[in-house]
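The values are calculated or read from the model by the stated rules, or taken from the named source; none is laboratory data. Predicted, not measured: the structure shown is a model, and the values here were computed from it. Cβ: placed from backbone, ideal geometry, glycine included. Neighbour counts: every protein chain shown. Accessible surface areas use protein heavy atoms only, side chains included; no ligands, DNA or RNA. Shrake-Rupley method; radii C 1.70, N 1.55, O 1.52, S 1.80 Å.
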Amino acid sequence: MKIKIKILAGFLLIILMLLIAGAMSIYEFSRIGKSVKALIDDNYITLEASKSMIEALEREDSGVLLLISGKWEKGRSILNSADSSFLSAFKVAKNNITEENEEKHIKNIEESYLKFKSIWKLPIVGTDKQNSTTWYLSDVHESFLDAKFEVEALMSLNQTSMYEEASDLKNQSIRAIMPGIVAISSALIFLVIFNFFIGLILVRPIKKLIDSVKDYNSYSQNFSADISNHDELKVLENEILKLTQRLQK
Amino acid sequence: MNLRTEIVIRHIGLVLIFNAIFLFISFLISLFLVETSVIALLYSSLVALIFGLFPLIYVKPTHYLSILEGTSIVVFGWIATCLIGSLPYTLWGGEFSFINAWFESVSGFTTTGSTVINNIEALPKGLLFWRSSTHWIGGIGVVLFTILILPGSNTSRFVLLNTEMSQLAKTNFKYRAKEILRILLYVYVGLTILETILLKFAGMTLFDAINHSFATIATGGFSTKNLSISYYNSVTIEIIIIVFMILSGVHFGLTFNTIIGNKKNIFRSSIFKAYILILFIGVLLVSLKLYYSEIYPWWESVRHAAFQVVSLGTTTGFATVDTGHWPSFTQIILIYFTIQCAMIGSTSGGLKFDRIYIFFKSIKKQIRSIQHPNAVISLKIDGNSINEKTELHAMIFIILYIGIIFITTMLLSFLNVDIFTAFSSSAATIGNVGPGFGNVSSLGNYSNLPDLGKFILTLNMLLGRLEIYGIISLFFIKSWR
């Protein structure tokens, strides 16, 4: 193998190693980017929607209490506005199903909310329900707590998933950085070995040639550098040998 | 003595190419299962391949190796292998810091089986396969495996075989280097395939069966489950593993001779008989203590005692129970087996039973020479005279071995590790056993030890695997001249 090819092969291997490490890092970093986006898209949006749903439910609960105390206008106004907020937040959550079992939670929320809504949708002021704390505690509050529990379950699912994604991000960042560190360390070791081999295929034979030519000149010894490589330096050794033989003649 | 660095680097390169093949298989598993370790395994495989191929461009093969070159290839080959082996762990992340990855890699290749991982089942299957592969590659000897598979001259094979294999191990191999290597390969691969099939039929998944076979035949101990073998709670699986642990702890030459019907078989080997007797006594004593301490009913006591004694006595390190909660008497017996280890010529590391056998025979010889001062008494094993040089070698080895355990215990104690944990982990790592007692008991792990402590223990593992002298001799470069 020619010296040029040998050196080129060494450099090509270093370049290959660095290129692969670079590609790996780019791939892992792009995955981090996607994970961050997924974290926002998948979980954060649902978490915000869940918070809005809980807030709306609490307002509805207050609205029912106002109706029980006979304040029809204020009570109905709060209930209608909270219902609208709940439904819009629910729509966001329903259109953002990203986790396993999330659909089941959405269905449970829908069912429990409809049950809760069916209670306060009926007239309260001017009926036997007005001023009835027993009715509130047995029917309204129970349904309210059920609906709130289901929304909280959805929140918990997304929070857990968010935590897992965030933990995974830490690993991904290590995976993105490590190839670079490994590539740099490997390249350093590689260069040390490469330097050794350059010495082996270039410097050592050249030294042998110099010593042999010196011996020939100084002591008129037969020229022999004893180069074992089959490359340009071997050709040079043969040519010098021919030259010395011609000179001897 | 002449040291041609380029020749050493070339041979280490071949070892790395061999590792690259197994890393690539692990990568294919990860790729097939779409796991997070795909890139880590692929990159590690490529780095190993590049480092392995690189010297082949510049250095021509040689037909002759000096002993110094052979020793350098074996020692540095092991270190390079362990470094490359830690790459997929480091790149994957999770619980693997650099020191944890190095620990897991050294523990794998030296077939120690100690782990620093708390949740093994969380690891991707490709990485788990690599973890078990390190056992399998290391079990027969990294360099031996390489010269077995990859091309090389007979002369260089002979030097490497002499360097990596214990001198005592060759007493039962009356063959040429090439034949010894062939026998090793046949027995090793044959036992692995057979155990895999049996474990599969006993109820393990194929993946688990392969991984546990790798770990058993190499006397390693890495499991794919957090609860090790206790996860399966199956007497059949335990019996299969016990049988194969014993077979893997026996000199491979003896096993081969038994299979082909040669006279020098296991039934005629006094060392084998003594080894089995000691194991039997160990099982009996531990069973009795467990039963009378009312820890388990009788058969349950025998079941767990048999598994644990054989597991530690063959340096495998699998577990069916947490022996850390057993009575002190049973723990002392298990510590004895941790120090004793299995037979020379097997895949186990550490002190080896043969040396203890020679030690007791020497004591007997000394007593007889005191009784009969003028008599010429020679030490014989199965009709073969053991020369005084071998006897002395065994004695010095035992002293050195105990000395290293003592020094490592002291160093770990200095790092505030409690004395029981320090001692048992030192003995378990130099013996390539795996689990110790205290904080590193059979179902526990080494994750809580300080990083420096973990590093010291990896040196212990390498010393145990390379039979101490290999590594130490490299520190005395001048005496090679």
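Looking across the stretch B:275-307, just one residue is farther than 13 Å from B:His325 by Cα, hydrophobic (A, V, I, L, M, F, W, C) and in contact with a Phe, Trp or Tyr (Cβ under 6 Å, 6 or more places away or on another chain), and that is B:Trp298. Determine, yes or no, whether A:Glu164 is open to solvent by 50 Å² or more (accessible area, probe 1.4 Å) and touching a helix residue (DSSP H, G or I) at 6+ places or on another chain (Cβ under 6 Å). Criteria not met by A:Glu164. For the stretch A:181-206, what are the residues that are farther than 22 Å from B:Trp92 by Cα and touching a residue at least 60 places away in the same chain (Cβ under 8 Å)? Scanning the stretch A:181-206 gives A:Phe190, A:Leu191, A:Phe194, A:Phe197, A:Ile198, A:Ile201, A:Leu202. Per this entry, B:Ser114 is not counted among residues that are of a type outside the set (A, V, I, L, M), within 14 Å of chain A (Cβ to nearest Cβ) and either buried (at least 23 other Cβ atoms within 10 Å of the Cβ) or assigned to a helix (DSSP H, G or I) (or both).
So is A:Glu239 part of a helix (DSSP H, G or I), closer than 30 Å to A:Tyr27 by Cα, among the acidic types (Asp, Glu) and open to solvent by 50 Å² or more (accessible area, probe 1.4 Å) or not? So A:Glu239 does not fit the description; no. Somewhere in the stretch B:340-359, is a residue open to solvent by 20 Å² or more (accessible area, probe 1.4 Å), more than 28 Å from B:Gly436 (Cβ to Cβ) and either out of contact with any strand residue (DSSP E or B) (no Cβ under 7 Å at 6 or more places or on another chain) or assigned to a helix (DSSP H, G or I) (or both)? No - not one qualifying residue is present in the stretch B:340-359. Given the criteria under 30 Å from A:Lys2 (Cβ atoms), open to solvent by 30 Å² or more (accessible area, probe 1.4 Å) and of a type outside the set (Phe, Trp, Tyr), does A:Asn195 qualify? Criteria met by A:Asn195.
Exactly one residue among A:Lys51, A:Lys6, A:Lys34, A:Lys91 is assigned to a helix (DSSP H, G or I), touching a residue at least 60 places away in the same chain (Cβ under 8 Å) and over 19 Å from A:Ser156 (Cβ atoms), and that residue is A:Lys6.
Within the stretch B:213-227, being open to solvent by less than 10 Å² (accessible area, probe 1.4 Å) and touching a Leu at 6+ places or on another chain (Cβ under 7 Å) holds for B:Ser213, B:Ile217, B:Thr224.
Counting residues in the stretch A:210-226 that are in the same structural domain as A:Leu39 (by TED's automatic domain parsing) and basic (Lys, Arg) gives zero. Of the residues that make up the stretch A:176-189, is at least one modelled with pLDDT under 80 and part of a loop (DSSP other than H, G, I, E, B)? For the stretch A:176-189, residues modelled with pLDDT under 80 and part of a loop (DSSP other than H, G, I, E, B): absent. Summed over the stretch B:384-420, the residues that are more than 27 Å from B:Lys264 (Cα to Cα), more than 20 Å from the chain's Cα centre (by Cα) and polar (S, T, N, Q) give a count of 3.
Among residues of the stretch A:17-35 being at pLDDT below 85 and more than 19 Å from the chain's Cα centre (by Cα), the one that is nearest to the other protein chains (Cβ to nearest Cβ) is A:Met17.
Could you please let me know if A:Ile40 is in contact with a Ser or Thr (Cβ under 9 Å, 6 or more places away or on another chain) and either of a type in the set (Gly, Ala, Ser) or more than 12 Å from chain B (Cβ to nearest Cβ) (or both)? Here the answer is no, as A:Ile40 does not meet what is asked. Can you say whether B:Lys389 is touching a Lys or Arg at 6+ places or on another chain (Cβ under 9 Å), open to solvent by 80 Å² or more (accessible area, probe 1.4 Å) and either at negative phi or in a loop (DSSP other than H, G, I, E, B) (or both), as far as the supplied structure shows? No. Filter the stretch A:62-82 for residues that are part of a helix (DSSP H, G or I) and open to solvent by 20 Å² or more (accessible area, probe 1.4 Å) and give the result. Across the stretch A:62-82, the qualifying residues are A:Ser62, A:Leu65, A:Leu66, A:Trp72, A:Glu73, A:Lys74, A:Arg76, A:Ser77, A:Ile78, A:Asn80, A:Ser81. For the stretch B:450-466, what are the residues that are under 18 Å from B:Asn118 (Cα atoms) and free of Cβ contacts under 8 Å to residues at least 60 places away in the same chain? The answer is B:Pro450, B:Gly453. If you go through the stretch B:39-83 and keep only what is closer than 30 Å to A:Ser30 by Cα, touching a residue at least 40 places away in the same chain (Cβ under 8 Å) and at the interface with chain A (Cβ under 10 Å from one of its Cβ atoms), you end up with B:Ile39, B:Ala40, B:Tyr43, B:Ser44, B:Val47. Taken over the stretch B:17-74, the residue count meeting the criterion of being assigned to a loop (DSSP other than H, G, I, E, B), buried (at least 18 other Cβ atoms within 10 Å of the Cβ) and among the small types (Gly, Ala, Ser) is 1.
Checking the stated criteria, B:Thr81 turns out not to satisfy the condition of being on the phi > 0 side of the Ramachandran plot and modelled with pLDDT of 85 or more.
A quick yes/no check of all residues on (1) modelled with pLDDT of 80 or more; (2) surrounded by fewer than 17 Cβ atoms within 10 Å (Cβ to Cβ):
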position: A:Ile106; (1), (2): yes, no
position: A:Glu110; (1), (2): yes, yes
position: A:Ile119; (1), (2): yes, no
position: A:Gln130; (1), (2): yes, yes
position: A:Gln159; (1), (2): yes, yes
position: A:Ile174; (1), (2): no, no
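A count restricted to the stretch A:209-236 and to residues that are closer than 22 Å to B:Tyr58 by Cβ, β-branched (Val, Ile, Thr) and open to solvent by less than 60 Å² (accessible area, probe 1.4 Å) stands at 1. Would you say A:Thr98 is under 30 Å from the mean Cα position of the chain (by Cα), open to solvent by 50 Å² or more (accessible area, probe 1.4 Å) and either among the hydrophobic types (A, V, I, L, M, F, W, C) or away from chain B (no Cβ under 14 Å) (or both)? Spelling it out, A:Thr98 is indeed under 30 Å from the mean Cα position of the chain (by Cα), open to solvent by 50 Å² or more (accessible area, probe 1.4 Å) and either among the hydrophobic types (A, V, I, L, M, F, W, C) or away from chain B (no Cβ under 14 Å) (or both). Of all residues in the stretch B:424-452, those satisfying the criterion of being assigned to a helix (DSSP H, G or I) and either aliphatic (A, V, I, L, M) or surrounded by 23 or more Cβ atoms within 10 Å (Cβ to Cβ) (or both) are B:Ser424, B:Ser425, B:Ser426, B:Ala427, B:Ala428, B:Thr429, B:Ile430, B:Val440, B:Leu452. Sort out which residues of the stretch A:176-186 are buried (at least 17 other Cβ atoms within 10 Å of the Cβ) and more than 8 Å from chain B (Cβ to nearest Cβ), and write them in order of number. Within the stretch A:176-186, A:Ala176, A:Ala183 qualify. Only one of the numbered conditions (1) touching a Lys or Arg at 6+ places or on another chain (Cβ under 8 Å); (2) open to solvent by less than 30 Å² (accessible area, probe 1.4 Å); (3) part of a loop (DSSP other than H, G, I, E, B) is not met by B:Ile398, and that is (3). Cβ separations smaller than 7 Å between residues 6+ apart or across chains give the following pairs from the stretch B:287-309 residues that are within 17 Å of B:Leu443 (Cα to Cα) to residues that are part of a loop (DSSP other than H, G, I, E, B) and among the aromatic types (Phe, Trp, Tyr): B:His304/B:Tyr296.
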